[in-house]
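What follows is a set of notes on a single structure, which appears directly below.
The values are calculated or read from the model by the stated rules, or taken from the named source; none is laboratory data. Being a predicted model, the structure only gives us computed values, none of them experimental. Note: ideal-geometry Cβ built from the backbone for every residue, glycine included; neighbour counts use all protein chains shown. To get the accessible areas, we keep the full protein, side chains included, count just its heavy atoms, and leave off ligands, DNA and RNA. Shrake-Rupley method; radii C 1.70, N 1.55, O 1.52, S 1.80 Å.
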Amino acid sequence: MSARDDILAACRAARPPGDHPLPNLPAFAPASSDLRAGFEQGLALMGGRSFDLPAGTALGAFIAAQFPGERLIRDASGELPEFPRVDAVNRPRDLENVDVAVVRARFGVAETGSVFLSESELQVNTVGYLSQHLVVLLDPVALVAGIADAYQRRDFGEVRYASLMTGPSATADIEGVLIRGAQGVRSLTVIFCPRTIEDAAARSAG
């Protein structure tokens, strides 16, 4: 047997007999009654930024204006037909040259400024790490108060891969100096915009 098998066998042998139901999670009071403000504060603390989509402004044009020097923009949200799709590649590594990737988060966490992304939202998981800049579309009503609230949702059990992404990539391992974008996306931008009725209907039909 392998070392892994040995360890698992030892764990099974040491397990007490009988069923042991998981404890109930306590309900925590939200840190702030204003979930939107809490989310924006947490996101900014982790190096991210957020915008409201200006009224009457086309989403694609607004995104392109935020990244004037970047050329290849790919869309995973299904809401921007003017950009090539993320899943229109043969191999996950083909996304290594993406300047800006656009995804729609399922929900956000006010406590930490995190967004929930699974394989359904990313389409190809590598786009969340190989692209230079990640733009996340988030419905303002799709916010939960804290991490404990997020884990009580069914979303984690419905997907094979899930990530609570909080700001851009960062490391402070080298001489205690904070460097952003060292191991993943260089920037993370959240755009608050409700999901359109047409898009919601299309996803439900799919």
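For segment 166-180, which positions are more than 15 Å from Ala110 (Cβ to Cβ) and either within 16 Å of the chain's Cα centre (by Cα) or touching a residue at least 24 places away in the same chain (Cβ under 8 Å) (or both)? So that I can check it myself, show each step before the final result.
Here is the first cut: in segment 166-180, the ones more than 15 Å from Ala110 (Cβ to Cβ) are 168-180.
Those that are more than 15 Å from Ala110 (Cβ to Cβ) and either within 16 Å of the chain's Cα centre (by Cα) or touching a residue at least 24 places away in the same chain (Cβ under 8 Å) (or both): Pro168, Ser169, Ala170, Arg180.
Being of a type in the set (A, V, I, L, M) and within 11 Å of Gly48 (Cβ to Cβ) is the filter; apply it to segment 110-134 and report the residue that is farthest from the chain's Cα centre (by Cα).
Keep residues of segment 110-134 that are of a type in the set (A, V, I, L, M), which gives 110, 115, 117, 122, 124, 127, 130, 134.
Among the residues that remain, those that are also within 11 Å of Gly48 (Cβ to Cβ) are: 115, 134.
On the way: Val115: 4, Leu134: 9 Å.
So, considering only residues that are of a type in the set (A, V, I, L, M) and within 11 Å of Gly48 (Cβ to Cβ), the one farthest from the chain's Cα centre (by Cα) is Leu134.
Going through segment 32-65 one residue at a time, which ones are in a strand (DSSP E or B) and among the aromatic types (Phe, Trp, Tyr)?
First pass over segment 32-65, keeping only residues in a strand (DSSP E or B): 49-52.
Selection gives Phe51 alone.
Please go through segment 79-107 and give me each residue that is open to solvent by 50 Å² or more (accessible area, probe 1.4 Å) and assigned to a loop (DSSP other than H, G, I, E, B), ordered by number.
Hits for segment 79-107 are Pro81, Glu82, Pro84, Asp87, Ala88, Asn90, Arg91, Arg106.
Only one residue in Ala145, Ala162 is within 19 Å of Asp87 (Cβ to Cβ) and not β-branched (Val, Ile, Thr). Which one? Before the answer, list the steps.
Numbers: Ala145 fails: within 19 Å of Asp87 (Cβ to Cβ).
Testing whether each residue is within 19 Å of Asp87 (Cβ to Cβ) and not β-branched (Val, Ile, Thr) leaves just Ala162.
Out of everything in segment 108-132 that is touching a helix residue (DSSP H, G or I) at 6+ places or on another chain (Cβ under 7 Å) and under 19 Å from Pro30 (Cβ atoms), what residue ends up being most open to solvent (accessible area, probe 1.4 Å)?
Looking at residues that are touching a helix residue (DSSP H, G or I) at 6+ places or on another chain (Cβ under 7 Å) and under 19 Å from Pro30 (Cβ atoms), I get Glu111.
Restricting attention to segment 7-19, does a residue exist that is in contact (Cβ under 8 Å) with a residue 12 or more places away in the chain and outside any loop (DSSP other than H, G, I, E, B)? Outline the logic, then answer.
The first filter runs over segment 7-19 and keeps only residues in contact (Cβ under 8 Å) with a residue 12 or more places away in the chain, leaving none.
No - not one qualifying residue is present in segment 7-19.
Return yes when Asp34 is loosely packed, with under 14 Cβ neighbours inside 10 Å, touching a residue at least 40 places away in the same chain (Cβ under 8 Å) and of a type in the set (D, E, K, R) and no when it is not. Steps first, please.
Values: loosely packed, with under 14 Cβ neighbours inside 10 Å: yes; touching a residue at least 40 places away in the same chain (Cβ under 8 Å): no; of a type in the set (D, E, K, R): yes.
No.
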